[in-house]
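Okay, structure first, notes after.
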Amino acid sequence: MKNDTPHKGHRKRVRERISAEGLGSFQPHEILEFLLFHTVPQKDTNLLAHKLISTFGSLQGVLEASAEELMSKGKLSENSAIFLSSLTDVFAYYEKNKKESSPINSPDKMTKLFRPYFIGQSKENLVAAFFDSGLKVKNIELINTGRENGLNFNTKEILRLAITTEAHSVAIAHNHPVSSATPSKDDINTTSELKNQLELFDIKLTDHIIFGTNSTFSFANNEQLNCFISGGLK
């Protein structure tokens, strides 16, 4: 008997649509459905995609969940769970290792430069970027990792790296995994302290980017805090 079910040839049609349009026109559940093609053979993944998004709140929530959470809450196989939970690391690796040859001369470019280092991070991280006189990247380093709501700013290590890399300027970034991007008093004081220490060696602090749960904050892009930035990106 001929099988004329509605789902016959569905995966082929999805792939053809991606080839023709890319993923830009896809809904979140359709993107997740396509990803699941690769680990769930010969099964309708549309319903599974809907259930996962409902369980974790969004496609982002699914991709940021751990493999253990995807197996326990999402009822996925180990193979599917490891595949999905590894994707944010793949995205971050790709972004970090792209060759950036143009000057990082605006807060928007600085935010884009740092963003990959905070994808899917549940703890506070401090990252520093070191630039030549043309604001081109010489090096980027993870300085420290803290807790969900706390981080020790290692200004001495940033200063050491700035000197050893012969940086003309430095920018830093950290994240608030469970709160807004609004800087705390400690964030402001530490930024001021770092700025002053760098200036002793004729090195400029160009920006401090904070990544919150749903927003970002640039010290160089804020009039009230611009006094803490020497030679910023305004």
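Coordinate-derived values only; no laboratory data. These numbers were taken from a predicted model, which means no experiment stands behind them. Positions of Cβ are backbone-derived with ideal geometry, glycine not excepted, and every protein chain shown enters the neighbour counts.
Quick notes on this one:
- Where [x] 39, 27, 15; [y] 43, 18, 15; [z] 28, 19, 16 are the candidate values, the label of the one calculated here for semi-axes √(5λ) of the Cα gyration tensor in Å is [y].
- Full-extension gain in nm, Gln42 to Asn214, via 0.36 nm per residue minus C-alpha separation: 58.2 nm
- Rounded to the nearest 20 debye, the dipole magnitude of the chain is 800 debye, with +1 charges on Lys and Arg beta carbons, -1 on Asp and Glu beta carbons, and the Cα centre as origin.
- Per residue, the average separation of C-alpha pairs within less than 8 Å and at least 6 apart gives the range 10-95 a relative contact order of 22 percent.
- Label-point separation, Arg160 to Asp89 (7 Å along Cα→Cβ), nm: 2.7
- When only Cα pairs below 8 angstrom with a gap of at least 6 residues are kept, the chain shows a relative contact order of 13 percent.
- Hypothetical label at Ser77: residues of the range 11-30 whose amide nitrogen lies under 18 Å (7 Å Cα-Cβ projection): 11
- Footprinting exposure proxy for Leu126, Leu142, Leu159 (fewest neighbouring C-beta atoms within 10 Å first): Leu142, Leu159, Leu126
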